[in-house]
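Peer 1: First, the structure itself, so that you have it in front of you.
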Protein chains: 2
Amino acid sequence: MVKLDFEKTGGLLPAIVIDHESREVLMLAYMNQAAWENTLKTGKATFYSRSRDKLWIKGETSGHTQLVREVRIDCDRDTILLKVEQTGGAACHKGYGSCFHTRVENGSEIIDKEKLFNPEEVYQK
Amino acid sequence: MVKLDFEKTGGLLPAIVIDHESREVLMLAYMNQAAWENTLKTGKATFYSRSRDKLWIKGETSGHTQLVREVRIDCDRDTILLKVEQTGGAACHKGYGSCFHTRVENGSEIIDKEKLFNPEEVYQK
């Protein structure tokens, strides 16, 4: 098992997720040791949800799983980079392809991407 | 000034840096409020160095500054994405174009990128 520096930041490391073909940055989430191991073992992006305080297999609710095509680590062993195949084409829980659908320009926020799904239909309460 | 959720994680938010043309992920560093404001004001990527405990204008020692071409934020307002023009073509302090020069595959680590500069010549003690 490749060792990462989980101690540095209290057990959680940031994981950048990009589309393996387009290279678009889809999202950033956090992994603990268990999420890291599960990602490598299953090939499905697995994170640690800080808000829900538990392991989170991306897409387990929405069906929008992320199939891991390549795993990279940075020179300090404290950041992970996943290249994934995004099932359904949308990574963001708000319905966008990427969580980074907002551009900042001259002090303003501009949403310059289109929604791909309606979150209310996907995440039924 | 566009407000970000700096409180969530004790004042520091992760900032992903990618090349504005190739879309290669170059590095991840952290920003506090002052780094965020300085980045927007100057157009040069500015971070907060956790190891040196101070503001860090990327490239101030190496000359490898990052000229910001686009700033994006994520849906939770707790991650920043910078699209930059990387002066000198190398973002990593170890001499590589990207800090993510290491691929993880079947439990092994494979460096599959070439060094672009010799760190010992650039960071003279």
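The values are calculated or read from the model by the stated rules, or taken from the named source; none is laboratory data. Remember, predicted model here, so these are calculated numbers, not experimental data. Here Cβ is always computed from backbone atoms with ideal geometry, including for glycine, and neighbour counts include all displayed protein chains.
Peer 1: Only one of (1) at the interface with another protein chain (Cβ under 7 Å from one of its Cβ atoms); (2) without any contact (Cβ under 8 Å) to a residue 24 or more places away in the chain; (3) part of a loop (DSSP other than H, G, I, E, B); (4) touching a strand residue (DSSP E or B) at 6+ places or on another chain (Cβ under 6 Å) is not met by B:K113, so which one is it?
Peer 2: Of the numbered conditions (1) at the interface with another protein chain (Cβ under 7 Å from one of its Cβ atoms); (2) without any contact (Cβ under 8 Å) to a residue 24 or more places away in the chain; (3) part of a loop (DSSP other than H, G, I, E, B); (4) touching a strand residue (DSSP E or B) at 6+ places or on another chain (Cβ under 6 Å), the odd one out for B:K113 is (1).
Peer 1: Suppose the filter is aromatic (F, W, Y) and at pLDDT below 95; does A:F117 pass it?
Peer 2: yes
Peer 1: Of A:A35, A:A29, which residue is at pLDDT 95 or above, part of a helix (DSSP H, G or I) and either surrounded by 15 or more Cβ atoms within 10 Å (Cβ to Cβ) or not basic (K, R) (or both)?
Peer 2: A:A35
Peer 1: Quick check on B:T9: is it within 11 Å of another protein chain (Cβ to nearest Cβ), in contact (Cβ under 8 Å) with a residue 12 or more places away in the chain and surrounded by fewer than 20 Cβ atoms within 10 Å (Cβ to Cβ)?
Peer 2: Judged against the criteria, B:T9 is a match.
Peer 1: Also, I was wondering about something else. Report yes if some residue within the range A:48-67 is surrounded by 13 or more Cβ atoms within 10 Å (Cβ to Cβ), facing chain B (nearest Cβ under 10 Å) and at pLDDT 95 or above; otherwise report no.
Peer 2: No, every residue in the range A:48-67 fails to be surrounded by 13 or more Cβ atoms within 10 Å (Cβ to Cβ), facing chain B (nearest Cβ under 10 Å) and at pLDDT 95 or above.
Peer 1: Being of a type in the set (D, E), out of contact with any Asp or Glu (no Cβ under 7 Å at 6 or more places or on another chain) and within 26 Å of B:K94 (Cβ to Cβ) narrows it down to one residue among A:E21, A:E70, A:E37, A:E60; which is it?
Peer 2: That would be A:E70, the only listed residue that is of a type in the set (D, E), out of contact with any Asp or Glu (no Cβ under 7 Å at 6 or more places or on another chain) and within 26 Å of B:K94 (Cβ to Cβ).
Peer 1: Any residue at all in the range A:14-22 that's in a loop (DSSP other than H, G, I, E, B), over 12 Å from the mean Cα position of the chain (by Cα), surrounded by 15 or more Cβ atoms within 10 Å (Cβ to Cβ) and in contact (Cβ under 8 Å) with a residue 24 or more places away in the chain?
Peer 2: Among the residues of the range A:14-22, at least one is in a loop (DSSP other than H, G, I, E, B), over 12 Å from the mean Cα position of the chain (by Cα), surrounded by 15 or more Cβ atoms within 10 Å (Cβ to Cβ) and in contact (Cβ under 8 Å) with a residue 24 or more places away in the chain, which makes the answer yes.
Peer 1: Give all pairs with beta carbons closer than 6 Å in which a residue from the range B:99-110 that is touching a residue at least 60 places away in the same chain (Cβ under 8 Å) meets a residue that is among the aliphatic types (A, V, I, L, M); count only pairs at least 6 apart in sequence or on separate chains.
Peer 2: That search, which allows pairs on different chains as well, returns B:C99/B:M27; B:F100/A:L81; B:F100/B:V25.
Peer 1: What do you reckon, is B:T42 surrounded by fewer than 15 Cβ atoms within 10 Å (Cβ to Cβ) and polar (S, T, N, Q)?
Peer 2: yes
Peer 1: So is A:S98 within 15 Å of the chain's Cα centre (by Cα), surrounded by fewer than 17 Cβ atoms within 10 Å (Cβ to Cβ) and within 14 Å of chain B (Cβ to nearest Cβ) or not?
Peer 2: Considered against the rule, which asks whether it is within 15 Å of the chain's Cα centre (by Cα), surrounded by fewer than 17 Cβ atoms within 10 Å (Cβ to Cβ) and within 14 Å of chain B (Cβ to nearest Cβ), A:S98 comes out as no.
Peer 1: Condition first: within 9 Å of chain B (Cβ to nearest Cβ) and either assigned to a strand (DSSP E or B) or in contact with a helix residue (DSSP H, G or I) (Cβ under 6 Å, 6 or more places away or on another chain) (or both). Now tell me which residues in the range A:68-79 satisfy that.
Peer 2: Those that are within 9 Å of chain B (Cβ to nearest Cβ) and either assigned to a strand (DSSP E or B) or in contact with a helix residue (DSSP H, G or I) (Cβ under 6 Å, 6 or more places away or on another chain) (or both): A:E70, A:V71, A:R72, A:I73, A:D78.
Peer 1: Checking B:K44 against (1) within 13 Å of chain A (Cβ to nearest Cβ); (2) over 24 Å from A:A29 (Cβ atoms); (3) not polar (S, T, N, Q), only one condition comes out false. Which one?
Peer 2: (1)
Peer 1: Give me a count of the residues in the range A:84-94 that are surrounded by fewer than 20 Cβ atoms within 10 Å (Cβ to Cβ) and at the interface with chain B (Cβ under 10 Å from one of its Cβ atoms).
Peer 2: Of the residues in the range A:84-94, 2 are surrounded by fewer than 20 Cβ atoms within 10 Å (Cβ to Cβ) and at the interface with chain B (Cβ under 10 Å from one of its Cβ atoms).
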